[in-house]
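Every number here is computed from the coordinates shown, using simple stated rules; none is lab data. Quick caveat: nothing in here was measured; it's all calculated off a predicted structure. Cβ: placed from backbone, ideal geometry, glycine included. Neighbour counts: every protein chain shown.
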Amino acid sequence: MEFHYLLQRIVQDNSTHAKWLNTLSYMENAGARKISKCEHPVSVTLIQLKHAAEEHRHAYYLKKQIGKIHPEFCKTYEAEELLAPVATRQYLHSLDIKACRYLRNVFQLSQEELKYAAYLFVTYAIEVRADELYPVYQDILTKEASKIMVKSIILEEEGHLEEMISQLNEFSEDWKLHAENILEIEKVLHDQWIDAIAEEVSQLDYA
């Protein structure tokens, strides 16, 4: 199912739309927690702190948007309140593991350095994806005259991407080559995630 069409279907059903928002909130929260886990105990940078804070805020903001659909929908991140919960939980986790394996093979890094490198490359891949996903979603919300909005997230994610590029330039001269490989890993995992959501949505009765 093509992504644009999939999102159109999702926003037409209140319960499914709430689960989609909750799924995005879960992923933003998981991303924020991963950024925090990658922090050096003493050498944590201002940008890292900013990113973790903003991703947490995105998780909160998306969760709060659910209240515009129904105040009792999706109170937790329990499996039944997410779309494709298994694929959703695996997506970021698998990206982290596979990226770490790749970075360990191409750079000679200590454990702390590997954490930081994973933060840079994984966050970059996620920001590239967010720059594609959120504008498509907002476009559909606008066309549907929905009360839900993600414009503020779009602006911040664009800023994050610029900051990640700046940090990657400092990290390695040939970062783009490695980033392309990480993006390929992310694409496979992202496609699996979207396919799992599409399969779940296709089983819903929209009659």
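Expressed in Å, the radius of gyration and Dmax of the Cα atoms of the range 3-202 are 16.9, 51. Modelled this way, with points 7 Å down the Cα-to-C-beta line, the labels at Lys98 and Glu170 are 2.9 nm from one another. Spin-label pair Asn14-Asp191: with each label point 7 Å from Cα along the Cα-Cβ axis, the two points sit 3.7 nm from one another. Can you tally the net charge around Pro41? Count Lys and Arg as +1, Asp and Glu as -1, for every other residue whose Cβ sits under 11 Å from the Cβ of Pro41. In short, -1.
The alpha carbon convex hull volume per residue for the range 38-116 rounds to 119 Å³.
Ellipsoid semi-axes for the range 96-207, based on the Cα gyration tensor and the rule √(5λ), read 32, 19, 10 Å when sorted largest first. Rounded to the nearest 500, the 222 nm mean residue ellipticity of the chain from helices alone is -26500 deg cm²/dmol, with -39,500 (n - 2.57) taken per DSSP H run of at least 4 residues.
Please work out the FRET efficiency for the pair Thr45 and Thr76, using the Cβ-Cβ distance as r and a Förster radius of 35 Å; give the result to the nearest 0.05. If you can, show how the numbers build up before the last one.
Values: r = 32 Å, r/R0 = 0.92.
Working from the Cβ atoms, E equals 0.60.
Report, in degrees rounded to the nearest 10, the 0 to 90 angle that the Cα long axis of helix 85-106 makes with the longest principal axis of the chain. Its long axis makes an angle of about 20 degrees.
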